[in-house]
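The values are calculated or read from the model by the stated rules, or taken from the named source; none is laboratory data. Computed from a prediction, not measured in an experiment: that's the story for all the values here. Heads up, the Cβs are rebuilt from the backbone with ideal geometry, glycines too, and the neighbour counts pull from every protein chain shown.
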Amino acid sequence: MVDSTHAHGSDERNKNILINVNGELFPRDEARVSVFDSGFVLGDGVWEGLRVHNGRIAFLDRHFDRLYAGTKTLDFEMNISREKLEARLYETLRANGMTDGVHIRLMVTRGVKSTPYQDPRATTTPPTIVIIPEYKESLPDVIEHGIRLFTVHVRRGYPDVQDQKLNSHSKLNCIMACIQATKAGADEALMLDPHGFVATCNSTHFFIVTNGEVWTSSGDYCLGGITRGVVLEICHDNGIVCCEKNFSLTDVYAADEAFVTGTFAGVIPVVEVDGRQVGEGQRGSHVLSLQKHYGDRLREECAA
């Protein structure tokens, strides 16, 4: 696996997982969707990454809020209620004997089309719903020693072009950003908004710590991150000054600490941006504290 917040060790158990496709379980090598599926043909769909801890799916209500808002935005009707979809998720976990250290990719597309054409009216089936659970955990080395970022030319654009609030299957802008960062020798991409302010990363949300304050972007040009929101709540609950605001790369380069957040890895330190060492070039006290607070919040959320 590449070096990034999504880096993880291999797990032999993943060779034998069962994948849920439209309510039916298939061995990993036999799970299929149609070549006429909207997600394959056009990237027409939305998805969620889910973390399983202590037998429970963390912050599931928040993820469902975002998922169902996405399907409404794309104007297709889910043929399953939130309650039945939750049951399907847990049925898939039970079938795999999974209770901890699991990451789920929940994918929903508009459905199968009569012909490979973009018009939604060519869709002939209900939405395609795929659940892929895998044993995946962030590497301890990444959690402790962090990642390096590179600021790319690809921007997080205006919502009238492609709304960044929509967690769609169409991620070409993020993929292009990731490619540029990788070519530059970094782990992930730092992306700016159309005005040149810091927006987010290609697959995570970005924060800095400066003079004891935690800053993140205004949120105008990034996905409504679940972990991002939880970290902001943690700051408020623990008397840590936190701000959602516009700030530039000058602020980033001068920051005392930096970190990114995401469902898969939680809170991960950033030790370098554009070849410039951030702070002391290692995980700082604020990031370590937030990692511990997030771990506590996760355990509280997933208590039996």
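A few comments on the model shown:
Yes or no, residue by residue, for (1) at pLDDT below 95; (2) assigned to a loop (DSSP other than H, G, I, E, B):
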{"position": "F247", "(1), (2)": "no, yes"}
{"position": "D251", "(1), (2)": "no, no"}
{"position": "A255", "(1), (2)": "no, yes"}
{"position": "I268", "(1), (2)": "no, no"}
{"position": "V271", "(1), (2)": "no, no"}
{"position": "R297", "(1), (2)": "no, no"}
{"position": "A304", "(1), (2)": "yes, yes"}
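- Scanning segment 25-39 finds no residues that are among the hydroxyl-bearing types (S, T, Y) and closer than 20 Å to F264 by Cα.
- Exactly one residue among V152, V161, V130, V102 is among the aliphatic types (A, V, I, L, M), in contact with a Pro (Cβ under 6 Å, 6 or more places away or on another chain) and either at pLDDT 95 or above or over 30 Å from K292 (Cβ atoms) (or both), and that residue is V102.
- L139 being modelled with pLDDT under 95, closer than 28 Å to R299 by Cα and within 18 Å of the chain's Cα centre (by Cα): yes
- Scan of segment 216-254 for residues that are over 28 Å from I57 (Cα atoms), without any contact (Cβ under 8 Å) to a residue 60 or more places away in the chain and not hydroxyl-bearing (S, T, Y), ordered by number: V241, C243, K245, N246, F247, D251, A254
- Residues of segment 179-207 that are β-branched (V, I, T) and buried (at least 24 other Cβ atoms within 10 Å of the Cβ): V198, T200, T204.
- Residue in segment 83-94 that is surrounded by 13 or more Cβ atoms within 10 Å (Cβ to Cβ), touching a strand residue (DSSP E or B) at 6+ places or on another chain (Cβ under 9 Å), not small (G, A, S) and not in a helix (DSSP H, G or I) present: no
Yes or no, residue by residue, for (1) surrounded by fewer than 24 Cβ atoms within 10 Å (Cβ to Cβ); (2) not charged (D, E, K, R):
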residue: G239; (1), (2): yes, yes
residue: D256; (1), (2): yes, no
residue: G262; (1), (2): yes, yes
residue: I268; (1), (2): no, yes
residue: V271; (1), (2): yes, yes
residue: D274; (1), (2): yes, no
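- The lone exception for Q164 - which of (1) under 19 Å from V142 (Cβ atoms); (2) outside any helix (DSSP H, G or I) it fails: (1)
- Out of F264, F207, one residue alone is closer than 23 Å to S138 by Cβ, touching a residue at least 40 places away in the same chain (Cβ under 8 Å), under 19 Å from the mean Cα position of the chain (by Cα) and part of a strand (DSSP E or B). It is F207.
- Test: residue in segment 284-292 that is free of Cβ contacts under 8 Å to residues at least 12 places away in the same chain, surrounded by fewer than 15 Cβ atoms within 10 Å (Cβ to Cβ) and either of a type in the set (V, I, T) or outside the structural domain of G157 (by TED's automatic domain parsing) (or both): no
- Wholly within segment 8-71, strands (runs of 3 or more DSSP E) carrying at least 3 residues that are surrounded by 15 or more Cβ atoms within 10 Å (Cβ to Cβ) and not aromatic (F, W, Y): 18-21, 45-53
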